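The values are calculated or read from the model by the stated rules, or taken from the named source; none is laboratory data. Note that this is a predicted model, so its numbers are computed, not measured. Ideal geometry is used to build each Cβ from the backbone, glycine not excepted, and the neighbour counts take in all protein chains shown.
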């Protein structure tokens, strides 16, 4: 099955082509084509996983297939697939969650006029994402990286007649462009120095390279890619606006898979980052800061999808933080569990939005009575993200916190990153349950009468809830051959239990939930009084630390001014040169035309004179004439 | 005796006279006459070379016959053009035929 790995991305591509050109008019046929393609990709991925387990595939003993694409002297570019446990886990996660979300979308997008177009875009996205996952070299991964960005653009702006959606998809694409510029520079720098794009060959080169300065530069440049794609500070601004797209899209792309591509790149190219302590410090600090930063903004948001978006940013910060302190395993493990429970929570939010046509949690309430399945699965998701054992989020978050506790770089002598991560855990539990309590419990604040979603939408919720509960057992400390013995950097290891960290995180999680319950259910401390007590902090958080306004100001005053300068130079210097050449030619012509006297005999005289000159020149030995 | 140099000198003189006439005459027919003179000077030159340098050969004479034929054809054509121009412009003074002037 492993030699058929190229089918995994190409079946969704075939579905995209089929839907766009053949079956566009039949809605159900489009949906079924897409679901069939992703289902087949999932089956192939499961087959590959089985072969991997049976054949003893490890991070060192990998399977690589490739064909030459461009072969010039000095430049060898291939198209290939690399299969190792990291690939296998990503393939399973992406195909499985995509399949569930495709099925869910049949119910969610039922009345939308762009139904077929939606499924064609989703198929294109899965093609790009799966191609990214199996890539064996940086250049091919970059191509798919951009394609994923394009799919995101198309899907965020799915309802393109809405101005907010059109603005949001432009913002996403441009922000990612800035990041990808750095990423491309990093790839080219690596190619220029080592002469290859291939991950395996680069790993061998980097291991033998002693120039830490160069490796730091390359590492930081390549890290800029994940900064944009995975929404790290300061390029996080596009993700909350990306919620303009349909909710299943937000679940698939901006929670489970595409934004995880940045983390996946960090894992794939881990040896580059691990080779320099500076790069690791930059990565860890960026991740830790993003986690706390995003969690703080989520505290005061009112839109359900925005809260989930900031939550995604925060959890991505956790994953990047884990990568930065040396535990690639913890980062990938959290990626897996987060994919399940975040997709679950987004789909539950979609269920609510589908029922109420409302996204403001202040206008919801008391949904638990009518929407039992949605409430139950949303609560399971919330418990998972808060890190309550034995749900999945506990195991993965705990592994990250242990890694930060033990390997966290000391800044001013204190493990600042651990404190930030722990505080984020508390805030996560709090804001998530604030959302759940306000939306699902308490008294009804909306006029709409909610109804439970149809089974085509609730079935994926139940399946994802199951995995949100159980997927943690993949990497739990008491499992013999768990996650950390398959996906690792360096050598396979067994996670140890750090009881201090574990008890702290559980207590923080429970504490957050209890505080949310006190404020929003028991109303022991009214939320408004807290807001009134700290008005300035509240305003800063509500305006997302004014980062968007800063960027807009920078754009107006810096970027547009630079553009005006270039415009001036284009009009006056470049066009001026062209005009000067034309005017010069015309002027020369005006002078030379007097040669045309019209008198035949003058022309004949000129010919005669020329013949004489030629004869003289030919006869002069000095110029090489006849002797 | 009379050797090749005399003939070559004669030919050169005739050619120069013809060239001077072609470049300075006003009348178009006179220019054509001078061109004929130049061509005949060439003929003398060719025959002289064959007669003195390769006595058995008749290459030069054959070439001269070619030149005569070509000259005849060309003069016929040139006179036709001159007549056509005269019909349009009522003049064949070269200095008045200057429409290609700037």
Among the helices (runs of 4 or more DSSP H) contained in the range A:505-612, which hold 1 or more residues that are more than 14 Å from chain B (Cβ to nearest Cβ) and modelled with pLDDT of 90 or more? A:547-554, A:560-569, A:575-592
Residue A:221: over 21 Å from residue A:332 (Cα atoms), in contact with a helix residue (DSSP H, G or I) (Cβ under 6 Å, 6 or more places away or on another chain) and not in a helix (DSSP H, G or I), yes or no? no
Assess whether residue A:461 counts as being in a helix (DSSP H, G or I), at pLDDT 85 or above and in contact with a strand residue (DSSP E or B) (Cβ under 8 Å, 6 or more places away or on another chain). no
Checking residue A:390 against (1) more than 23 Å from residue A:502 (Cα to Cα); (2) not in a helix (DSSP H, G or I), which single condition isn't satisfied? (1)
Kindly check whether there is at least one residue in the range A:374-383 that is over 26 Å from the mean Cα position of the chain (by Cα), within 20 Å of residue A:252 (Cβ to Cβ), assigned to a helix (DSSP H, G or I) and in contact (Cβ under 8 Å) with a residue 24 or more places away in the chain. yes
Selected residue [modelled with pLDDT of 90 or more, under 30 Å from residue A:454 (Cα atoms) and crowded, with 24+ Cβ neighbours inside 10 Å] from A:316, A:347: A:347
Condition check for residue B:92: in contact with a strand residue (DSSP E or B) (Cβ under 8 Å, 6 or more places away or on another chain) and surrounded by 12 or more Cβ atoms within 10 Å (Cβ to Cβ): yes
Does residue A:94 fit the bill of being closer than 19 Å to residue A:344 by Cα and crowded, with 21+ Cβ neighbours inside 10 Å? yes
Of the numbered conditions (1) outside any helix (DSSP H, G or I); (2) within 30 Å of residue A:457 (Cα to Cα); (3) in contact (Cβ under 8 Å) with a residue 60 or more places away in the chain, residue A:111 satisfies every one except a single condition; which is it? (3)
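Considering only the range A:234-353, give the helices (runs of 4 or more DSSP H) lying wholly within it that have at least 1 residues that are within 30 Å of residue A:117 (Cβ to Cβ).
It comes to A:238-241, A:247-251, A:260-268, A:304-324.
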Could you say whether any residue in the range B:55-65 is in contact with a helix residue (DSSP H, G or I) (Cβ under 7 Å, 6 or more places away or on another chain) and within 23 Å of residue A:605 (Cα to Cα)? no
Can you tell me how many residues within the range A:144-162 are assigned to a helix (DSSP H, G or I) and either out of contact with any strand residue (DSSP E or B) (no Cβ under 8 Å at 6 or more places or on another chain) or more than 27 Å from residue A:76 (Cβ to Cβ) (or both)? 12
